[in-house]
Amino acid sequence: MGTNRKYWKGLDELHQTPEFLENSKNEFPEELSVNEFLADEKLAEGSTGRRDFLKFLGFSVAAATLAACEAPVVKAVPYVVKPENVTPGMPTWYASTYYDGTSYASVLVKTREGRPIFIKGNKDFGVTHGTVNPRISASVLSLYDSERLQNPTIEGVKSSWGAFDSKVSKGLNETASNGKKIVLLSGTEISPSTQGIIQEFKTKFGGSTEIPKNEIALDENGEAIESETTVEEGNVVHIQYDTISFNGIRQANLESFGKAIIPDYDFSKAKTIVSVGADFMNSWLLSGQYTAQYALGRNPDAKWMNKHFHFESNMSISGSNADVRGMIKPSQQGEVLSILHKEIVGSALAGVANTLSENVVAKVKEAAKELKAQKGHSLLVCGSNEKAMQVVVNSINSALNNYTTTINLNNPVNLFQSQDDKMSELIKDMNAGNVGAIIMWNTNPVYSHANGESFKAGLEKVKLTVDISQYADETATNCKYVAAENHALESWNDFNPKMSHYAISQPTIRPLFETRSAAESLMTWAGISEYSGKDSTAYYDYMKVMWEKYGFPNQTKYATFKAYWDNTVHNSCDNEKSPVALAMPFNGNLNSAAKQIASIKGGDLEIIPYLKSSIGDGKMAGNPWLQEMPDAITKVTWDNYVTMSPVDMKASGYSEELGQESPSSVVTVTVGETTFKLPVFPQPGQTPGTVGIALGYGRGENGEKIGKSAYQTGEYGAFLEGNNGGKVSIGANAFPFLQAGDFAIGTISNANEVYNLACTQTHSTVMGRNSIVKETTLDIYKTQDAGAYNHQHTLHSGWNHDEKPISEFNLWDEHPVENVGHRWGMSIDLNSCIGCGSCLISCQAENNVPVVGKDEVRRGREMHWLRIDRYYASDIEPAVGTKGEGYKTEGFAGLQDASDDPMVVHMPMMCHHCNHAPCETVCPVAATTHSNEGLNMMAYNRCIGTRYCGNNCPYKVRRFNWFNYPSYRKFTEVNPAQDDLGRMVLNPDVVVRTRGVMEKCSFCVQKLQSTKLVAKKEQRAIVDGEISTACSEVCPTNAITVGDWNDTESKVRKSTTDKRAYQALEEIGIKPNVWYKVKVRNEKNDDLAALQVSHEAPAEHKDDTHGEESTGEEIHTGH
Amino acid sequence: MHKESAIREPLILGHKTYHDITEDVCRSIEGKAPRNWYIMFGIALLVGLYGVGCILYLLGVGIGTWGLNKTVEWAWDITNFVWWVGIGHAGTLISAVLMLFRQKWRMAINRSAEAMTIFAVFMAGMFPLIHMGRLWVGYWVLPLPNQFGSLWVNFNSPLLWDVFAISTYLSVSFVFWYIGLIPDFATIRDRAKSPVAIKAYGLMSFGWSGRAKHWNRFEIVTLVLAGLATPLVFSVHSIVSFDFATSVIPGWHTTIFPPYFVAGAVFSGFAMVQTLLLVLRKAMKLEAYIHTKHVEYMNIVIMVTGSIVGVAYLTELFMSWYSGVEYEAYAFLNRATGPYWWAYTCMMSANVLSPQFMWFKKLRRSLLFTFFISIIVNIGMWFERFVIIVTSIHQDYLPSSWSMFYPTWVDIGVYVGTIGLFFVFYMAYVRYFPVLAISEVKTILKSSGESYKNGSAELHHSDDAHTAEEE
């Protein structure tokens, strides 16, 4: 068929003239592979002639046509006109700010093809130093909640904005002309622009002429705050109300220093931190900022490491990280403060009894001693909302000279301005029929107010009720007009969280539904602007004017407003220039404080409402990621429960068992008139005589539409049916308890029912397993060799039985990654990890981890790629992971149960990417293999699902797709990937796994690859610090370091060669690429010292501890 | 002819002739099946179909319909697999090893034992298949040339070794069994009356004519296959044990596993043979061929292998203490005293204690007691596998992941279903196949038949000799 005839284009070619040769080279100036192809000499000898070519062409066209007939329908809409700044496949990051009434953070939002899909902290700008809590990370999912309000509604009926606005305006005008009161009710409003709008609103409807509290203008000393005194009440009032009130601090500061403020705390300067019931790493004030600052003081290699005392009743995140933790009842907080006051200031609080146990008193005295020792560099904080307590705290901090270092009265925090008294008045007013109209935003008092029932009753007496809300929630369903609100990621806003700090949030997506921001709604009703639809820039323009008027003149960095504005929007804020802290004379009345504290009566059972890091105050109860997030302490998902001391539970005969088929006892909690039933959870560290109940549950009890995940689902995935035929909400609402103050006194009785809790961790001790968790004290760390607290495992080998470290033994050939190219490694500092769970949520967001629902979690099938193991010490462990003296007599049995007052270790656990991975050798089809960069990879497509790898994984981090989570009916109500809208949050870089395959942490390989690509395009090596994983990015304490282990100068390499570094379960010989670093507690621990210091001395060891060999202490003999 | 000592108990009781043997075995094939057979077959079929239903549900919905979780990723599936493979061990041992050792008593039981083996291996083989998350791509475990480039199986994986071991074992056992059946099929063919039976048995007997050359080849092939099958007896369960032994999980990672698993398999296999044959001999009136002496022999095997298993259990316990590895120590302590203590107790008493009764001659010759013990051993061996698999992984290295395993109705349904299916096969076999190796049993009639041994056969000598030659 072929022909060997040659053809040429012209004589030039035939003669191969120099010009022709030159031109032919220049035809493709870039070195494309085509050149190489054409340069192939054999090409000319090819036998494919024209006829053959046409035959092939015809055949291929026919084949392609045939194949095309069966092509699946792909639902993808291409960009016909490519938007500027959007490159398909490339993420775009926007700096923004998150504020929801309780959490505040400067964030970066990742968008892909115009969809926000990931939120992390902004490490470069803002007061929160790049920290985010799990709720902030998870808020991106709420954007795609199909149960959000999609239109404004009037009496529950869909309406258009035009009709809605005219009715509301008419109602407002009528109310104003009737002289009736118009109430604006919101959570603490820290937006200067919104406050401007409120001001104009007031002016329009005859309000007061109050100058906004958070006026943008600030003079040198921050004196602008004084202007708030000139208030003249009109018939429009703005009341701010927060779910969690910190009013006590403001009141106490007013009394002590003449300023009703919350000061700025700086935990990074505090060498001694004493907290009396303040969970400052989770829920107390600006917890994100404090967490980051606290972590700075936790480096055992630095000049000093802070010492943290914690006195509390519930086991909180902060308490679990304390060096010394004392268990007190909430009614005893005053007693602790009294002892501190006596030891530090000199005088005890008159009339305050001392019912504390000796153990606690000793700890309090030690705390006092340490506070005094670090005078001027210490900090005492208290979680109580009682003014009297905070006055005493102020007195002690004053005596400690802390007001020039760790506490700054000149930089007040504007968050949490809850006006509790005005709120109570409002409820009275409403019920008395004195309120003509109420407009609410960023608040849900029917649910979250302690007196929500009467608020609800009051609403019925208000003629015009307007709620600006994202959901038809408890309050919205009781309002006539519900203005559908944007998700925060859809709106512009500005914030003034602290006096010296201003920030901006920018929209990262056009509103998905017919919604608009609260500010825009207020502007429309105040007549400032007309609403012009989704793309309205009214509020944006308003903000810009405000910033030009107030912000721009107060800075010197930028010459033009445009530059100033662009940069501020680009960075979301400027970094804080904090005013200097100046001490002020303490003027508190200690006598009346003492009197008031003495009057606080405890009870046999004190109930403490608290906030979880996952659910918080319940705003995002419909967020499945948060519901499925194991609580930082209890590891329970999807539920609310009563935490009780195991001692009390034993006495009452409640079931302490946890597990799939070990249901918990249900108790009836009664406080005054309120009763409800909740399961009871055994919580080591809970003070006997107290119980904790998390807030934020029991949402949507009347079947409100607040997101599918707020309701209980059954074994086959359908919603459980309640008594009235509606859905059953999760848990019970504990907000009514807040009526009584910090805690409520009540009773608990056995309801003689059982209830299944879904717990991801049911065994709470580490069984003295020293190669999993290693812990030591600062003293030992500073004075002893690494062998004392971080001994290496060794084996004997050869004729002479030489001891060699375990790392020198290899069952398999070494992977070539160990010295060539990249080798991705991770180091996790157990000393920094506080167990908050932000990493877990960001991992879920980054890697499309499915949500499986309560029933599946109960069956031990949660899919989280990253989990945080939480271990308590048992009675015979002087520290977590050590076997104390008691082990000789009690053996394993003594290690089984957690101590009633345990030490806690949080340990993030994910795939260790072992270089000798046990999972890789057992897979029959080689679906999990090792990359040449040290990663243990999963080829989902190749996996046949024998689950052998999962069984053989010593860390138990592999997750099997037991069902088809993206489509099986059991997960319809819980897994966002089953919802057309919810699917939009999926990360397009990560595949959604099908049923029957194994999955696990990939070290965010998609991020590694894209970083490599960027570096490659720029023709440079990867810079250390450029590599990050989702977990390392969001860690508020920077506990996780990732990088190239083969880069000997990298942070991760240095971190892993540190004397604190060890590999969990190293002795199995699997050579993981994850290192942990020994936790160092800043405490005195004689038992541990006896163990670790003697352990180090070989001579002694032979006599004493070698006898333990039989019980399994030693295959390792490294000392 | 081979002479046998007079004090040795005869292997064929009563006054049997060659013709009687043929009649006794063919009776059930040629006659009508009793009502009980239909009832039993019906029950087995129903249970089997229920099992098939459960498997279909499992395949339709996902492995999540079982009670497995992130910690215990194998439980009943692999337990049942190993249990069935173990049961399938006796057949080849009896037919191959005992043959090489010239144990004539095996002739009464080898046919049924081999049939049991094959059906048990069918059941066993099903579990590794259905336990896969994606059965439809299960063929990827075979080293087939493929379009995925150089994608090949992982020869390091014991699961892959399993694939080879089980398939080899199944095919060799099947061939061995079938070769033995050929002369007997020919006998049935020759006696058959209905054209269908003539055709069917004619096909199955491969044109056997009984010529000396056929017999010669038959003997050679049998011997060769016996030689081939003997190592398989040891290899299959050794390899199955590698699934555990090569892992890093304390309680699995044990060098003692291969011999211990083989002993356990023989133990459970013989127990199952006892269970089946004690019923079979009664139902099919084969008491003359399978009698107390056979049962006693098998009981001795059970006793010995049971004791080996017991020693293995104790060795494991000792090693866990002596090794000084804390995970190992904990794993075994937990096994014996942890939340699954009841399974461990079950296993210990059923597998170690119960066979010890066989030291008493009276007990090991009691058919009723043997039947009882054989059931106990079957249960005990199921628990052994459950204990090894579940108690080792449910509390392994990281206490944070410790969990329990609770079976679901699908777990139970699939397991019970395989028992049903097994009996469907077995009942069909009993009905249509010669349950005794006719030709083989005839070879021992004169050396080990009761009437020949004590001389009473002399009376009928001439007749019998005559008929026998005609047969």
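The values are calculated or read from the model by the stated rules, or taken from the named source; none is laboratory data. Being a predicted model, the structure only gives us computed values, none of them experimental. Glycine also receives a Cβ, built like all others from the backbone with ideal geometry; neighbour counts cover every protein chain displayed.
Points to keep in mind about this one:
- Test: residue in region B:446-462 that is at pLDDT 80 or above, under 17 Å from B:Met116 (Cα atoms) and assigned to a helix (DSSP H, G or I): no
- Of all the residues in region A:663-680, those that are surrounded by fewer than 16 Cβ atoms within 10 Å (Cβ to Cβ) and in a loop (DSSP other than H, G, I, E, B) number 2.
- When A:Phe495 is tested against (1) hydrophobic (A, V, I, L, M, F, W, C); (2) part of a loop (DSSP other than H, G, I, E, B); (3) touching a strand residue (DSSP E or B) at 6+ places or on another chain (Cβ under 7 Å), just one condition goes unmet, and that condition is (2).
- Residues of region A:778-816 satisfying the condition of being part of a helix (DSSP H, G or I) and over 22 Å from A:Glu1067 (Cβ atoms): A:Leu778, A:Asp779, A:Ile780, A:Tyr781, A:Lys782, A:Thr783, A:Pro816
- Tally, over region A:852-863, of residues that are more than 22 Å from A:Phe1003 (Cβ to Cβ), assigned to a loop (DSSP other than H, G, I, E, B) and in contact with a Pro (Cβ under 9 Å, 6 or more places away or on another chain): 1
- Selection status of B:Phe405, out of contact with any Cys (no Cβ under 9 Å at 6 or more places or on another chain) and surrounded by fewer than 21 Cβ atoms within 10 Å (Cβ to Cβ): no
- One residue stands out among those in region B:337-356 that are surrounded by 16 or more Cβ atoms within 10 Å (Cβ to Cβ) and of a type in the set (Gly, Ala, Ser): the one that is farthest from the chain's Cα centre (by Cα), which is B:Gly338.
- Those strands (runs of 3 or more DSSP E) lying entirely in region A:899-964 with at least 2 residues facing another protein chain (nearest Cβ under 10 Å), under 30 Å from A:Thr777 (Cβ atoms) and touching a strand residue (DSSP E or B) at 6+ places or on another chain (Cβ under 8 Å): A:904-909
- Test: B:Trp177 is in contact (Cβ under 8 Å) with a residue 40 or more places away in the chain, within 11 Å of another protein chain (Cβ to nearest Cβ) and in contact with a helix residue (DSSP H, G or I) (Cβ under 8 Å, 6 or more places away or on another chain): no
- Condition met for A:Asp301 (of a type outside the set (A, V, I, L, M) and out of contact with any strand residue (DSSP E or B) (no Cβ under 7 Å at 6 or more places or on another chain)): yes
- Odd one out for A:Ile868 among (1) away from every other protein chain (no Cβ under 14 Å); (2) closer than 24 Å to A:Arg1053 by Cα: (1)
- A residue that is in a loop (DSSP other than H, G, I, E, B), under 20 Å from A:Lys1084 (Cβ atoms) and without any contact (Cβ under 8 Å) to a residue 40 or more places away in the chain occurs nowhere in region A:363-384.
- The listed residues are B:Leu228, B:Leu232, B:Leu159, B:Leu135, and the only one of them that is under 20 Å from B:Met116 (Cα atoms) and either within 11 Å of chain A (Cβ to nearest Cβ) or buried (at least 17 other Cβ atoms within 10 Å of the Cβ) (or both) turns out to be B:Leu232.
- Among (1) in a helix (DSSP H, G or I); (2) free of Cβ contacts under 8 Å to residues at least 40 places away in the same chain, the one test that A:Val1023 misses: (1)
Residue-by-condition table, conditions (1) away from chain B (no Cβ under 14 Å); (2) closer than 22 Å to B:Ser323 by Cβ; (3) at pLDDT 90 or above:
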site: A:Arg1060; (1), (2), (3): yes, no, yes
site: A:Glu1067; (1), (2), (3): no, yes, no
site: A:Arg1081; (1), (2), (3): yes, no, yes
site: A:Asp1087; (1), (2), (3): yes, no, no
site: A:Lys1102; (1), (2), (3): yes, yes, no
site: A:His1106; (1), (2), (3): no, yes, no
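- Of note, A:Pro1036 does not satisfy the criterion of being in a loop (DSSP other than H, G, I, E, B), within 14 Å of chain B (Cβ to nearest Cβ), modelled with pLDDT of 90 or more and surrounded by 19 or more Cβ atoms within 10 Å (Cβ to Cβ).
- Criterion violated by A:Cys1001 - all others in (1) over 23 Å from the mean Cα position of the chain (by Cα); (2) within 14 Å of another protein chain (Cβ to nearest Cβ) satisfied: (1)
- Filter pass, A:Thr643 being more than 27 Å from A:Tyr99 (Cβ to Cβ), part of a loop (DSSP other than H, G, I, E, B) and of a type in the set (S, T, N, Q): no
Okay, residues lined up against (1) within 14 Å of another protein chain (Cβ to nearest Cβ); (2) of a type in the set (Ser, Thr, Tyr); (3) surrounded by fewer than 18 Cβ atoms within 10 Å (Cβ to Cβ):
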residue	(1), (2), (3)
A:Tyr755	no, yes, yes
A:Ala758	yes, no, no
A:Val766	yes, no, no
A:Ile780	no, no, no
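- For region B:101-132, filtering for residues that are assigned to a loop (DSSP other than H, G, I, E, B) and either farther than 28 Å from B:Val430 by Cβ or within 12 Å of chain A (Cβ to nearest Cβ) (or both) leaves 2.
- Output for region A:347-398, where each listed residue is over 16 Å from A:Thr272 (Cβ atoms), in contact with a helix residue (DSSP H, G or I) (Cβ under 8 Å, 6 or more places away or on another chain) and surrounded by fewer than 18 Cβ atoms within 10 Å (Cβ to Cβ): A:Ser347, A:Ala348, A:Ala350, A:Gly351, A:Ala353, A:Asn354, A:Thr355, A:Val361
- Test: residue in region B:394-411 that is over 22 Å from the mean Cα position of the chain (by Cα) and more than 14 Å from chain A (Cβ to nearest Cβ): no
- Every listed requirement among (1) at negative phi; (2) out of contact with any Lys or Arg (no Cβ under 6 Å at 6 or more places or on another chain); (3) more than 10 Å from chain B (Cβ to nearest Cβ) is met by A:Ala893 save one, (3).
- Residues in region B:235-246 that are buried (at least 24 other Cβ atoms within 10 Å of the Cβ) and either more than 14 Å from B:Trp161 (Cα to Cα) or within 11 Å of chain A (Cβ to nearest Cβ) (or both): B:Asp243, B:Phe244.
- Reported count of residues in region B:357-391, each being surrounded by 24 or more Cβ atoms within 10 Å (Cβ to Cβ) and of a type in the set (Gly, Ala, Ser), is 2.
- Condition check for A:Val820: of a type in the set (Val, Ile, Thr) and more than 14 Å from every other protein chain (Cβ to nearest Cβ): yes
- Criterion applied to A:Ala252, A:Ala278 was being surrounded by 23 or more Cβ atoms within 10 Å (Cβ to Cβ) and under 18 Å from A:Ile834 (Cα atoms), and the one residue passing it is A:Ala278.
- Per-region count, region A:874-902, residues surrounded by fewer than 23 Cβ atoms within 10 Å (Cβ to Cβ) and among the polar types (S, T, N, Q): 3
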